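Trainee: Following this message is one structure expressed as structure tokens.
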Amino acid sequence: MNELLKKTRRAAAWFYMLNKRLFRRWSFLIILALAPVMVWVMSILAYEDKGVINITIYSRDSLSSVSEIIQSDSVINIETSPTEEDAVEKVRRGECDGAWIFDSEYYDIIDASVKRYMVKPVVKAVMREDTLALKMAREKLYSAIYKDYNYGVYKQFVKQELNISDEAKIEEVYKDKIVPEKLFKMVYLSGEEVGDNDNYLLSPVRGLLAAWLVLFGLVSGMYYMQDKRNGLFDRMGNGNEWLREAGYHLVILIDAAIIMGITMCISGLATSFFNELKCMLVFVLMVMAFCCIIRKVCIIPQVIGMLIPLFTVIMLGLGPVFITLKEFVVFKYINPTYLYLMSIHSSVTFYELCVYCFFMNVICYLLYKLRSNTKI
């Protein structure tokens, strides 16, 4: 018991002294401050206009579909123009990405399309180029127009099949039968319901912070190489060198994990305390092993510095940070953040993360045994 207490005190003292030394490094402080600054900037942007695409609308009359598009909580920034020429000119000057110009005979065309069982254009979309964002934005336009078309089909059917001609009665019955509740309930694999008020501009924050923590681990590998070559560990002997290496990485990663956890809580993206703690714990141990492996393979700090941009591209470009694609699954074992990000809402992926962490540490230990006689 006394021996265990002695080792604990020694580890705590080592943790404190190493942290004290790290906080005297400007590079460490700058990298440490990147996370809160990044989230702070994104939080400010989240309270500004939320649109990722700007659309201007012109309609001569007050239309229900136009009102729905303007009032909806969407990723589209909507503004109106007083004239059709003004809307087109805004697109030409690059002040907006596209313009939707509603026909002056909108309802007449809808009714004519219903009666003749054919669809005629009721909106003219003006754009400089047809991008993926504009195609996705038009889905919102289609859904708004479809409601008017659907009501026209309903009204035509009631008049022909039920011989009811009272427009007010037809509209009253239609509105009375509209189901206000949502048809879909979105949940994660863990069963947690997806919040309706989640700000999509803050959704990449967890992925960015995870990538930042990995980069912090890679930097810790460079620090370790420099400190070992400067003789910092000469008095500690060669016993338990693997634990010393792992402990060096852990000190820095624990600092980063604490900052990351606090930042997640402040941004409102954190889940339950236990879920965040268990995922973060395994993620930190996995990153520790990953960085040890990279350090053993690279041999010199300059090589790690050259690889940092590559790992940044892999983590941000081939992971579920900004967009999730099934093709990303192929890269999940070379992307140290992938399993962590997916494990937050999936217990199955969390177990996979644990297995991956175990094998990464085994590989790290084997490399240590193979390269135990080297200076790195």
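Trainee: At R0 = 35 Å, how high is the FRET efficiency between Ser272 and Arg93 if r is their beta carbon distance? Nearest 0.05 is fine.
Mentor: 0.10
Trainee: In addition: Quick one: P(r) of the range 72-141 from all Cα-Cα pairs, 5 Å bins, percents rounded to integers, in order of increasing distance.
Mentor: 3, 14, 22, 21, 19, 12, 6, 1, 0
Trainee: Let me see the P(r) profile for the range 240-287: every Cα-Cα distance counted, bins of 10 Å, each bin given as a percent of all pairs.
Mentor: Bin by bin from 0 Å, the calculated values are 24, 49, 21, 6, 0.
Trainee: Here's another thing I want to ask about it. Give, as ranges by residue number, the residues of the range 86-118 whose backbone N falls under 15 Å from the point 7 Å along Cα→Cβ of Glu79.
Mentor: 86-100
Trainee: Next up: Could you provide, to the nearest whole Å², the per residue accessible area of the range 326-371 with probe 1.4 Å?
Mentor: I get 55 Å² per residue for the range 326-371.
Trainee: Output the peptides 97-109, 120-132 sorted from most to least packed, where packing is the average of other Cβ atoms within 10 Å over each peptide's residues.
Mentor: Per-residue Cβ counts within 10 Å, averaged per peptide and sorted highest first, yield 97-109, 120-132.
The values are calculated or read from the model by the stated rules, or taken from the named source; none is laboratory data. The model shown is predicted, which means the values in this text are computed figures rather than measured ones. Positions of Cβ are backbone-derived with ideal geometry, glycine not excepted, and every protein chain shown enters the neighbour counts. These area figures cover heavy atoms from the full protein model, side chains too; ligands, DNA and RNA do not enter into them. Shrake-Rupley method; radii C 1.70, N 1.55, O 1.52, S 1.80 Å.
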